[in-house]
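Visitor: Here you go, one structure.
The values are calculated or read from the model by the stated rules, or taken from the named source; none is laboratory data. Quick caveat: nothing in here was measured; it's all calculated off a predicted structure. As a convention, Cβ positions derive from the backbone with ideal geometry for all residues, glycine included, and neighbour counts pool all protein chains shown.
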């Protein structure tokens with residue numbers, strides 16, 4: 001069997017198991033709509049939580065700031081890593097804006113949330129350290145664990161009693177212990193008890209790393225995330241956010257002490273060995289970051305829609321208070337069929353299957369956007 005035959009056999013096996021994936025051309029449209037195969041749908045699969053990515057009027061206002069479209073501020077490439085000539089003035093403005101939002105703490109911008117997660121932990125955690133990670137943390141966090149030299153263990157999802165048992169039994173044997181969690185989990189839509197994690201961090205002298213990818217923009221004062229909403233953001237040692245979801249841009253950031261920032265600049269490989277983001281993206285991120293700070297009405301709307309959808313799904317969903325509402329199906333083929341039934345009613349939602357979620361927990365992941373009308377929830381009711 002040739003190498004290409006092996007790859008083809010793998011694809012065939014995925015197809016037989018109902019887990020093959022393919023790329024679809026989907027055109028985004030205003031009002032949280034999307035066009036697929038010539039048909040327009042309500043889009044319940046995007047991470048454009050605040051409706052910013054699809055806001056044409058907001059884009060127009062951004063570009064109006066630059067009468068000269070040839071300005072370097074709209075350049076579409078930095079053409080260099082940040083440690084050479086790619087650290088443009090737009091980076092400084094964006095990191096200073098982030099620092100002000102988070103009470104003067106240091107901010108560092110990355111090319112993506114995946115870049116951040118595969119780089120931060122391997123840089124900070126060394127041989128002789130231990131990382132304790134929630135079992136349902138994102139794949140990028142898992143890859144970061146595997147890339148580093150520290151030992152790592154995964155504790156049962158949201159089970160902080162079990163986490164504390166591991167800390168009580170193991171803390172003394174390690175130089176540093178890192179506690180790693182998402183705040184709002186991407187597939188279940190539930191949330192970590194960040195206040196309790198801060199308490200454990202203090203009690204056992206740990207370093208707390210929180211990925212707020214699905215929380216920033218949507219939760220907290222001025223969209224600063226769940227940790228800020230709970231009043232513990234300043235107790236999180238490394239707080240990670242992304243621009244590619246609620247903020248409708250590209251890239252990611254981390255909030256931390258200045259000493260941590262300087263260390264990462266010198267030791268984080270995905271930061272050092274990559275081309276910097278284009279100035280146009282950085283300036284757009286800064287623009288929407290400030291715009292999103294004033295979107296409290298939209299954040300309240302998302303909370304209302306999330307509650308209504310959870311009430312509608314009843315036992316077929318999971319407890320939570322976020323804009324991510326899973327509709328649990330179970331088996332892969334059943335989830336695919338359920339997605340097709342919803343599409344027949346004009347609702348674009350996709351089956352989420354292993355390995356993204358555990359076996360026998362295939363689901364439809366309804367991802368809400370403030371650009372949707374609240375009545376869109378009733379459309380889902382009609383499709384059930």
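Visitor: Taking only segment 211-238 into account, find how many residues are closer than 14 Å to residue 178 by Cβ, out of contact with any helix residue (DSSP H, G or I) (no Cβ under 6 Å at 6 or more places or on another chain) and buried (at least 24 other Cβ atoms within 10 Å of the Cβ).
Guide: Within segment 211-238, residues that are closer than 14 Å to residue 178 by Cβ, out of contact with any helix residue (DSSP H, G or I) (no Cβ under 6 Å at 6 or more places or on another chain) and buried (at least 24 other Cβ atoms within 10 Å of the Cβ) number 1.
Visitor: Among the residues of segment 83-94, what is the count of those that are under 15 Å from residue 285 (Cβ atoms) and crowded, with 18+ Cβ neighbours inside 10 Å?
Guide: Going through segment 83-94 one residue at a time, the tally reaches 4.
Visitor: Which residue, of 330, 306, is in contact with a strand residue (DSSP E or B) (Cβ under 9 Å, 6 or more places away or on another chain) and exposed (fewer than 15 other Cβ atoms within 10 Å of the Cβ)?
Guide: Numbers: 306 fails: exposed (fewer than 15 other Cβ atoms within 10 Å of the Cβ).
Unique residue meeting the criteria: 330.
Visitor: Would you mind finding the one in 247, 271, 287 that is in a helix (DSSP H, G or I), buried (at least 23 other Cβ atoms within 10 Å of the Cβ) and in contact with a helix residue (DSSP H, G or I) (Cβ under 8 Å, 6 or more places away or on another chain)? Outline the logic, then answer.
Guide: Details: 247 fails: in a helix (DSSP H, G or I); 287 fails: buried (at least 23 other Cβ atoms within 10 Å of the Cβ).
None of the others qualify; the one that does is 271.
Visitor: Residue 252 - would you say it is within 22 Å of residue 59 (Cα to Cα) and crowded, with 17+ Cβ neighbours inside 10 Å? First the steps, then the outcome.
Guide: On the way: within 22 Å of residue 59 (Cα to Cα): yes; crowded, with 17+ Cβ neighbours inside 10 Å: yes.
Here the answer is yes, as residue 252 does meet what is asked.
Visitor: Then there is this: Would you call residue 58 assigned to a helix (DSSP H, G or I), surrounded by 12 or more Cβ atoms within 10 Å (Cβ to Cβ), under 25 Å from the mean Cα position of the chain (by Cα) and not assigned by TED's automatic domain parsing to the domain that holds residue 253? Spell out the reasoning first.
Guide: Values: assigned to a helix (DSSP H, G or I): yes; surrounded by 12 or more Cβ atoms within 10 Å (Cβ to Cβ): yes; under 25 Å from the mean Cα position of the chain (by Cα): yes; not assigned by TED's automatic domain parsing to the domain that holds residue 253: yes.
Yes; evaluated as a whole, the condition is true for this residue.
Visitor: Taking the condition of being surrounded by 22 or more Cβ atoms within 10 Å (Cβ to Cβ) and in contact (Cβ under 8 Å) with a residue 40 or more places away in the chain, how many residues in segment 138-151 meet it?
Guide: Total meeting the criteria: 1.
Visitor: Which residues, counting only those in segment 80-121, are in a loop (DSSP other than H, G, I, E, B) and in contact with a helix residue (DSSP H, G or I) (Cβ under 7 Å, 6 or more places away or on another chain)? Write out each step before concluding.
Guide: Taking segment 80-121 and keeping what is in a loop (DSSP other than H, G, I, E, B), we get 80, 87-88, 102-105, 111-112.
Hits for segment 80-121 are 80, 88, 102, 103, 105.
Visitor: May I pose another question? Within segment 352-384, which residues are outside any loop (DSSP other than H, G, I, E, B) and in contact (Cβ under 8 Å) with a residue 40 or more places away in the chain? Steps first, answer last, please.
Guide: Filtering segment 352-384 for residues outside any loop (DSSP other than H, G, I, E, B) gives 352, 362-367, 376-383.
352, 363, 365, 366, 367, 376, 377, 379, 380, 381, 383 - these are the residues of segment 352-384 that are outside any loop (DSSP other than H, G, I, E, B) and in contact (Cβ under 8 Å) with a residue 40 or more places away in the chain.
Visitor: Sticking with this one: Restricting attention to segment 159-186, report how many residues are surrounded by fewer than 19 Cβ atoms within 10 Å (Cβ to Cβ) and either under 22 Å from residue 357 (Cβ atoms) or not assigned by TED's automatic domain parsing to the domain that holds residue 129 (or both).
Guide: 2
Visitor: Could you list all residues from segment 349-368 that are more than 16 Å from residue 14 (Cα to Cα) and touching a helix residue (DSSP H, G or I) at 6+ places or on another chain (Cβ under 8 Å)?
Guide: Within segment 349-368, 349, 350, 363, 364, 366, 368 meet the criteria.
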